[in-house]
Every structure is written in C-alpha cells, then in structure tokens.
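Only one structure is covered here, and it is reproduced in the block below.
The values are calculated or read from the model by the stated rules, or taken from the named source; none is laboratory data. Fair warning: this is a prediction, and the values are worked out from it, not measured in the lab. For neighbour counting, all protein chains shown are included, and Cβ atoms are generated from backbone atoms with ideal geometry for every residue, glycine included. The accessibility values were calculated without ligands, DNA or RNA, using every heavy atom of the protein model including side chains. Shrake-Rupley method; radii C 1.70, N 1.55, O 1.52, S 1.80 Å.
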Amino acid sequence: MSHCFVMTIHLAMLGLALTALVGAGVRIASALVDSLATRVLGAMTLVAGFAIAEPLLIGLTGQGANSTLLTGAAVLTWLAARLSIETAPVPVRQQLADEWTAASAVTRAAVGAFAGFVVGTTIWQTNRPRIGWDGTVYHAAQPAVWIGTGHPGALHQTLANFPTQAYPKSFEMLEFWTMAIGRSLIVLTPLMMTFYVVLVAAMLIGLRRARVPAPLAALAVAAAVLIPWNLIEFDQVYNDVAALAFLAVTVALCQGADREPRAAGLAVVAAGLAIGVKTTTVPIALVALLWLAWRIRADLRRQLRTLLPLGSFGIGLGVLWYVENAVTYHAPFWPFSRFPAGPQEPYLWREFGNRLLAEPAATYRAVGFHNYLHYLGGVPILIVGAVVVAGIGLAIADRADRRFLVVGAAVVVLQTLLWSAAQFTGIAHGVVILVLSAQRYLDAAPFAATIVLAVAARRPGALRWIATALLGAALVVDLYVGGHEHLAAGRVPPAAIWVALLAAGAVGGVLSTYSARTIAAGRSAVALPIAAVGGACLLAIPASSYLDHYLAQPTKLLDGPVLRYLQTQPGWVHGDAPVAAGSGAHVTWAGPQLTHPLTYVPATEPCTQLRAQATSGWLILLPQRGGAFSPLSYPLRLDCLAGLTPVKTLPGKPGEEPTLIYAPPALVG
C-alpha cells in the first residue's frame, strides 16, 4: 500500500474525527445557550476539551496513539451527544446562514477578506513549512514521543538541560490528537492557524459585547494579534497564541454570561484549557471567572446542574499537569519553583534564572533597544497606555466604566509585575538569548491592555481619541517591525499575493449572498463534514513532500543535516525502527508518517542501553558544548560506543565535535 494512500486515509480519519467532535460540541453548546456567538465559542471549547481528554483516557490502556481508536472515540462522543440531547429548535448552521445574509456588505467583505487571507496563507505555509526550534525539540517532539509509547501526557524529556516535560501540556495534547490520527506533521500548519482565527474571533465577540464599535474593536484586535512575537510564531509551533486564544474565549464567554448564565460552565472549561496550555494565563483567567461569579451570583444556584459537570471538566483540564508535577516533583510549578521535599531546580534555572525586577538597568543595557523592539514592538505603548487611560478614567461619571478601567489596568500592572519577577527575564552571565525568549511570557499583559484601551475608546470625547491614538500607535510600531523583519522572512506570502487574497476574499464575501446555491449549502447539514474531510484529504498533496519543503526553507536547522542524511536511507523513509537522540529528540526524525518511536537519550544514559540503541535502531548523537558552564554540555561518550562505527559522521562547526549517527547494517541502504 503506497505511503500517499495511507497518508490520505489517516488525514481523512482526522477530518472525520474533527467533524464528529464539532458535531458533539455544537449539540451540547446549543442545548445550553441560544446566541450564535456563545454556541460557537462554547463548541470550540468543548472540541478542544474532548480532544485532550479522550486520548488521555485511551492512553491508560497503552493505546493512546491508535488512530482508529481515537477516531472511534470522537464518533462515539458525537453519537452519545446526538442520542442524549435534543436538537436545538434553530440549528447553528441556520443561525450562521441567517446572520450572514442579514450582514451588511461591509461586514461580509471584511469577513471574506479575513477568510481569504487565512485560507491562502495556510496553503502557502503547507508548502513552506517551518516548525521552529521550540517546536522541533519540545512542542511537537513531546507528541511524537507519546505516539511511540501510546501514553500521551506522560513525562518524557526531549531536550538536554530543559525539563520541558514538566511544563503544562494541554497544547501538546491537542497537537498529539491531530498528529496521532493524521500521522503527518502537515497537520500542525492548519492547527496553528486555527488558534489565530479563534483568538481574533473571540476578541471581536468579547469587545462587541462590551459595546465597543466595530472599527475600534478591529483596531484593538490587530494591536493585540500583530505583536512581533506573535508574527515570529506565525509559521512555527509555539503555544503562546493558543494560550491567548483560550483566554480570549474565557473572557468572551464570561462577558455574555449575564444574558446566558448557562455559559458559565463553558467559561470554566475555556479557562481550564488556557491554564493547561500556559501558566501565564492563570491571573487573568481567575479574575475573569471571579468576575463571572459576581455577575451571575443571584442565579448561581440554579446553574449548578450544568456548572458542576462542566466546571469539574474544566478544573480537571486546568490542574491536571500541576497535579502531575506535584506528585512527581513535589511542586506543582516545578522547575520554576520548588518545595524542600522535591528535587532542586535545574542548573540552567539556578545559574541563568535572574529576574528583571532585580537587574532592570543591567538587563536593558545587555539586551539593547533594538532587541526589545524586535520582540515587543508596541507592547510598552499598550501597557503604559492602559494605565494612563485608567488614570484619566477616574474622572468618568459612570461608575461601572470607571471600575472596569481601574480593575483592568490593575490586572495589566499585576501581569506585568509577575512577568518581570519571573526567571530568565533578567540578564545572567551576559546570555541575551534567554532574556529575549522570556519576552513571550508577557503575552497576557498586552492582551488585557488592548481590552482596557478598547473599552475606554467606546466613550465619546477626549478619552476615545486618546485610547484610539494609543492603539493606533502600538499597531504602527508592530507593523513597522513586522513588515521590516518578519514579512521579509517569508512568514506570510509576498505583499502582492496577500493583497490579492484579501481582495478575492472580500469580493467573494460580498457576492456570496447573491447565490441561492451558496446560501442553501450553508444551511446544509453535510456542508461541514464534506469541507472537513475533503480539506483534510487535500492536505495529503503537500504532506507527501512535507520534509522536502521543510528542508528547502532558508533557515538554519539543527535537525537539518541529520534529516537530509536520513532521507537518503530507505530503511528510515519506509521503516519503523526506533530513533534515540540526544542532545535533543527532534520531531522530524520520527519519519514522514511518524512511524519511528522517538526517545531522548540523556547524557547519563547507561552504556549498555546506549549500545543497545545503536545496534537495534537509529542512535543520533548531536553534541552540545557548555563552554565555561560544563553542566550544560552534552558529551558524545565515545567510550561507551567503542567498537561500533558510525554509519554517518556529520562535521560540526570549527572547534566543535561532529554529529554521529549509528544504526545496524540492515537499516542502512
């Protein structure tokens, strides 16, 4: 059976599983609430929750990576929802079609332009894939390891010196679900784009519910989404945008809970997802839930029937990884904090985990204005602007608006202070790269700041002009940095192409309501299944040459030289022998269809185990030099492999050791 055919089958199964979970999510959400926006946000939340919970449960049997079982579980979820919950009087597809036909031409053009850009850029990126360093050795590597073990969510290190297995793993679980069923790295591209779409949609819904005019809401969303680090991640696999997406859904659901109290349970699930993706979302998620509880306090008892099961589900999704850490490392937030009974913090944390609050001047001198601009863009304008606007807002007569601005600004300040007190935000031993990487931990502060500024801008008068000017200034800086550096890096299509995508989408959006067939298709119950399964099958076209396209990108890849060699070996391309690797287990080495069980080889691996890995499968040793910090080094340990000859030696940089690849003769072509 050809690899292309098998890949198509797996991607079709992914489309089927996604359709089933969406159907279940929509049915449950429709039974709880009536408005279209809340139904859509609630359904997306439940889909993500099911995609995490189901493989975890199946994984208890050791079959968590079985694509047939995962697809079957999704279908059973849909059947259970269909049999136990009555059909809503007005289906979501009917609501969508009705609202679309009732929308103004300007609205349809804007939505069409955005859709055209999203679809076109996704197609562009599937043929020019990048995963990023964090993605190859952490975010996507963890799911690849779980595919080999059949136990998703388990603690498996994938990188020397960074115990990333102890970080929250809900994002990696969502990757795992798509990768385990689709059996290709191609699924990462539409998955990452989905998080951007959810972030934009949720922010727009929340701001419009807060009575922010549409143009100002769009300006605020653009200022939040186009921050330079978000653009850096636009074509790579990071979890920051996913965390913000679930946080935005949480806030939007809380915003509408006074009109639809039964959305409270859905909001808890969304908050659990955000917290399970990234710890930095905890403060705002908890504030949003407290705000929700206060708003529906009079109706809270009547909502317990739905709030208890959904709330328990959401809390479970949120605290699962912290409980796992507490059991394993005796500290829920290890390695960022520890308790006396647990292991000490890793060497990197002890030596390089300085805080910005402790060394602000030294850190700024070491990092420099240009580096901060490259990563932060207009973020300082947003944060400072939110505080300034809240100060001006003290003179507002409306008590509710005054309270919202003050509390919102306080949350922004709290989030910023927590970030500046976090490890790696301050300079240590002159290592700038760790400080730059830690800028992403600030992600929730500008998100909250844009909300504060947008709410302030809804009031007529001077406050509107000041808030709008601050949002606009931040966006201009973001676009300058993004256009100057990130557009040139090829993360989005060239300007002429994306302008054409926007124009084509806008024209299509305007003209769509003039076609009776288009409207009828939108109301059809088979539209989503056909689109999901058909779109998934179409991914098989670029999927067959995904790794070739990946290697063709003009970025320096640590996994590139090894991958180029492996692609010349039929025993790797078409085989399933295990791959053991250090100093990092790169996801691309798991094979075009992720058929090679991937494991990380620690620097302390016993010699007998090291030799067994070299004689039973692929052993890849990528050295790492710690320089003056010897504990950071990853040695090749040639004494353990005496008598074994590498099948390939890849030279390193001048003065560095080579990369060694071992394998039994039967695997080498």
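Give ALA65, ALA102, ALA20, ALA43 a once-over and let me know the one that is under 19 Å from ALA201 (Cβ atoms), within 23 Å of the chain's Cα centre (by Cα) and not basic (Lys, Arg).
Values: ALA65 fails: under 19 Å from ALA201 (Cβ atoms); ALA102 fails: within 23 Å of the chain's Cα centre (by Cα); ALA20 fails: under 19 Å from ALA201 (Cβ atoms).
Criteria check complete, one pass: ALA43.
Which one of ALA422, ALA467 is buried (at least 16 other Cβ atoms within 10 Å of the Cβ), touching a strand residue (DSSP E or B) at 6+ places or on another chain (Cβ under 7 Å) and among the aliphatic types (A, V, I, L, M)?
ALA422
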**OP:** Among the residues of the stretch 139-159, write down those that are surrounded by 24 or more Cβ atoms within 10 Å (Cβ to Cβ) and of a type outside the set (A, V, I, L, M, F, W, C).
**Re:** HIS139, GLN142, PRO143, PRO152, THR158
Original post:
Does the stretch 433-471 hold any residues that are part of a loop (DSSP other than H, G, I, E, B) and closer than 22 Å to LEU417 by Cβ, and which are they?
Top reply: ASP443
**OP:** Go through (1) under 18 Å from GLY49 (Cβ atoms); (2) open to solvent by less than 10 Å² (accessible area, probe 1.4 Å) one by one and return the number of the condition TRP229 breaks.
**Re:** (1)
Original post:
What is the one condition in (1) at pLDDT below 80; (2) surrounded by fewer than 16 Cβ atoms within 10 Å (Cβ to Cβ); (3) not polar (S, T, N, Q) that GLY522 does not satisfy?
Top reply: (2)
Original post:
(1) within 19 Å of the chain's Cα centre (by Cα); (2) over 26 Å from ILE9 (Cβ atoms); (3) open to solvent by 10 Å² or more (accessible area, probe 1.4 Å); (4) modelled with pLDDT under 95: which one isn't true of THR164, the others all being true?
Top reply: (3)
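Using the structure shown, decide if LEU185 is of a type outside the set (Ser, Thr, Tyr) and closer than 16 Å to ILE131 by Cα. First the steps, then the outcome.
Working: of a type outside the set (Ser, Thr, Tyr): yes; closer than 16 Å to ILE131 by Cα: yes.
Taking the combined requirement at face value, the residue satisfies it.
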**OP:** Would you tally the residues in the stretch 284-313 being over 26 Å from LEU36 (Cβ atoms) and crowded, with 18+ Cβ neighbours inside 10 Å?
**Re:** 1
Subject >> Single unsatisfied condition, GLY430 versus (1) buried (at least 22 other Cβ atoms within 10 Å of the Cβ); (2) assigned to a loop (DSSP other than H, G, I, E, B) >> reply: (1)
**OP:** Kindly state which helices (runs of 4 or more DSSP H) lie completely within the stretch 202-320 and contain at least 1 residues that are within 26 Å of LEU185 (Cα to Cα) and touching a helix residue (DSSP H, G or I) at 6+ places or on another chain (Cβ under 8 Å).
**Re:** 214-225, 228-232, 240-255, 264-277
Subject >> Close pairs from the stretch 366-392: first within 23 Å of ALA428 (Cα to Cα), partner in a helix (DSSP H, G or I) and open to solvent by 60 Å² or more (accessible area, probe 1.4 Å), Cβ under 8 Å, at least 6 apart >> reply: TYR372/TYR364
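Determine, yes or no, whether VAL277 is in contact (Cβ under 8 Å) with a residue 60 or more places away in the chain and within 30 Å of THR136 (Cβ to Cβ). Before you say what the answer is, go through the steps one by one.
Working: in contact (Cβ under 8 Å) with a residue 60 or more places away in the chain: yes; within 30 Å of THR136 (Cβ to Cβ): yes.
Judged against the criteria, VAL277 is a match.
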**OP:** Check whether at least one residue in the stretch 244-259 is in contact (Cβ under 8 Å) with a residue 40 or more places away in the chain, open to solvent by 10 Å² or more (accessible area, probe 1.4 Å) and over 26 Å from ILE381 (Cβ atoms), and report yes or no.
**Re:** yes
Original post:
Among the strands (runs of 3 or more DSSP E) contained in the stretch 537-654, which hold 3 or more residues that are polar (S, T, N, Q) and open to solvent by less than 30 Å² (accessible area, probe 1.4 Å)?
Top reply: none
Original post:
Which helices (runs of 4 or more DSSP H) does the stretch 1-97 wholly contain that include 2 or more residues that are in contact (Cβ under 8 Å) with a residue 60 or more places away in the chain and either among the aliphatic types (A, V, I, L, M) or open to solvent by 70 Å² or more (accessible area, probe 1.4 Å) (or both)?
Top reply: 3-32, 36-59
Original post:
If ALA102 passes every condition in (1) at pLDDT below 90; (2) under 18 Å from LYS278 (Cα atoms) but one, which one does it miss?
Top reply: (2)
